[in-house]
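Below is one structure, written out as structure tokens, with a few remarks after it.
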Amino acid sequence: MKRDERRVVSPWNIANVLTVLRLVLVPFFVVCLFLPGTGWRLGALALFGVASLTDHLDGELARRYGLITDFGKIADPIADKALTGAALVSLSILGELPWWVTIVIVGREVAITGLRLVLLRHAVIPASYGGKVKTVLQIAAIVLYLLPGIPDPVKWVVMGGAVVVTVATGVDYIFRAVRLRQVAKRARGE
């Protein structure tokens, strides 16, 4: 009889703690964003920056040290979307970002996160290079909107790029999910 030698990873690891920290920072970021004054705005920017860094760091630590857990697979994309979604919705409420941009980006993120959660029991579709570019563009665009004194055309160009890449990677993800489903059906002999 063979022993099961798979290592059990505790959900209480540094990668998951960083993911939870990102979720905890979201309401503080939103409060700072709505308070008047440049100081509060810079505080919101700092919180957004720290939370965005945890997004990169938690994934890197999970992969490097084998800390991947089911909790992390579910909580990480939710924390990512909570942060960017809160930023976009808040900027739209403040009248600084058109609502259609927020609706397109948040709609795509919610739809793809839902699709990822449905597919999770079959397989994980790894993030593509385009998905990483999308994340960087979204963060860069939000940072430009948070920074005081950035000229509107600069903000619009970067946010426009973020919207285009967000939509394109969403379509790509759907195609990859359909192909995965077809492969799974063939493997089951359906």
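The values are calculated or read from the model by the stated rules, or taken from the named source; none is laboratory data. Remember, it's a predicted structure, so these values are computed and weren't measured experimentally. Here the Cβ is made from the backbone with ideal geometry for all residues, glycine too, and neighbour counts use every protein chain on show. Just so you know, the surface numbers come from the protein's heavy atoms only, side chains and all, with ligands and any DNA or RNA stripped out. Shrake-Rupley method; radii C 1.70, N 1.55, O 1.52, S 1.80 Å.
Observations
- Unique residue being of a type in the set (Phe, Trp, Tyr), closer than 12 Å to residue 20 by Cα and buried (at least 17 other Cβ atoms within 10 Å of the Cβ) when the list is 48, 71: 71
- Count of residues meeting criterion [basic (Lys, Arg) and without any contact (Cβ under 8 Å) to a residue 12 or more places away in the chain] in the stretch 120-149: 2
- First in the stretch 174-190 and open to solvent by less than 70 Å² (accessible area, probe 1.4 Å), second anywhere and in a helix (DSSP H, G or I), Cβ under 7 Å, 6 or more apart: 177/115; 177/119; 180/119
- Each residue in the stretch 145-159 was checked for being open to solvent by less than 30 Å² (accessible area, probe 1.4 Å) and of a type outside the set (Lys, Arg), and 3 pass.
- Selection count, the stretch 36-75, where residues are under 15 Å from residue 24 (Cα atoms) and free of Cβ contacts under 8 Å to residues at least 12 places away in the same chain: 2
Residue-by-condition table, conditions (1) among the aliphatic types (A, V, I, L, M); (2) assigned to a helix (DSSP H, G or I); (3) closer than 25 Å to residue 9 by Cβ; (4) modelled with pLDDT of 85 or more:
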residue: 80; (1), (2), (3), (4): no, yes, yes, yes
residue: 84; (1), (2), (3), (4): no, yes, no, yes
residue: 90; (1), (2), (3), (4): no, yes, no, yes
residue: 113; (1), (2), (3), (4): no, yes, yes, no
residue: 118; (1), (2), (3), (4): yes, yes, yes, no
residue: 121; (1), (2), (3), (4): no, no, yes, no
residue: 154; (1), (2), (3), (4): yes, yes, no, yes
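- Verdict on residue 105 being surrounded by 15 or more Cβ atoms within 10 Å (Cβ to Cβ), within 12 Å of the chain's Cα centre (by Cα) and either hydrophobic (A, V, I, L, M, F, W, C) or closer than 20 Å to residue 154 by Cβ (or both): yes
- Test: residue in the stretch 113-127 that is of a type outside the set (Phe, Trp, Tyr) and more than 26 Å from residue 178 (Cβ to Cβ): no
- Qualifying positions in the stretch 12-55 - out of contact with any Pro (no Cβ under 9 Å at 6 or more places or on another chain) and of a type in the set (S, T, N, Q): 13, 16, 19, 52, 54
- Taken over the stretch 157-176, residues that are of a type in the set (Gly, Ala, Ser) and touching a helix residue (DSSP H, G or I) at 6+ places or on another chain (Cβ under 6 Å) amount to 3.
- One residue from 113, 84, 19 being surrounded by 19 or more Cβ atoms within 10 Å (Cβ to Cβ), over 21 Å from residue 155 (Cα atoms) and of a type in the set (Val, Ile, Thr): 19
- Note on the stretch 156-190: residues that are more than 30 Å from residue 95 (Cα to Cα) and part of a helix (DSSP H, G or I) amount to 17.
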